[in-house]
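Comments concern the structure below.
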Amino acid sequence: MTASQAQTFEEGSASVIAAWIIRYIEEMKGIPSSAIPREAEFASLGLESTIALAMTGDLSDWLETHIDPMAPYQHPTIDALSRALAAEPEVQARLRTLGVFVAPTWTR
């Protein structure tokens, strides 16, 4: 895999993780997903510490890897957290097993 293909996969992975987080917030807070921007800080969306802790636990379960409960505070937006997680090799491997693939960019 070229560096460009790896970056494309990582960006695609971040989008998948962001969509999961947005759906989670929608379900937990009753905010329509269309009203949840990826740049929004968790605090501005009303994510109290108990919900943030539950979210990291559920993300850990889904991705089958440990996620530090402080991650939403270290990466305080949906975009920042999803990008940080997508950069982790364990997360990339899990997403591949879930069938998250981004078509390679072919060059001649």
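The values are calculated or read from the model by the stated rules, or taken from the named source; none is laboratory data. Values in this document were obtained by computation on a predicted structure and should not be read as measured data. Positions of Cβ are backbone-derived with ideal geometry, glycine not excepted, and every protein chain shown enters the neighbour counts.
Quick one: what pairs do we get from the stretch 41-57, first residue loosely packed, with under 14 Cβ neighbours inside 10 Å, second among the β-branched types (V, I, T), C-beta under 6 Å, 6+ apart or different chains?
Note: pairs meeting the criteria are E41/T77.
From the residues in the stretch 59-71 that are part of a loop (DSSP other than H, G, I, E, B) and of a type outside the set (V, I, T), which one is surrounded by the fewest Cβ atoms within 10 Å (Cβ to Cβ)?
Restricting to residues being part of a loop (DSSP other than H, G, I, E, B) and of a type outside the set (V, I, T), the top hit is H66.
Against the condition polar (S, T, N, Q), at pLDDT below 90 and over 25 Å from S44 (Cβ atoms), how does T65 come out, does it pass?
In short, no.
Taking the stretch 12-24 on its own, how many of its residues are of a type outside the set (S, T, N, Q) and touching a helix residue (DSSP H, G or I) at 6+ places or on another chain (Cβ under 6 Å)?
6
Of all residues being aliphatic (A, V, I, L, M) and not in a helix (DSSP H, G or I) in the stretch 72-105, which is modelled with the highest pLDDT? Just the residue, please.
Here the residue is A87.
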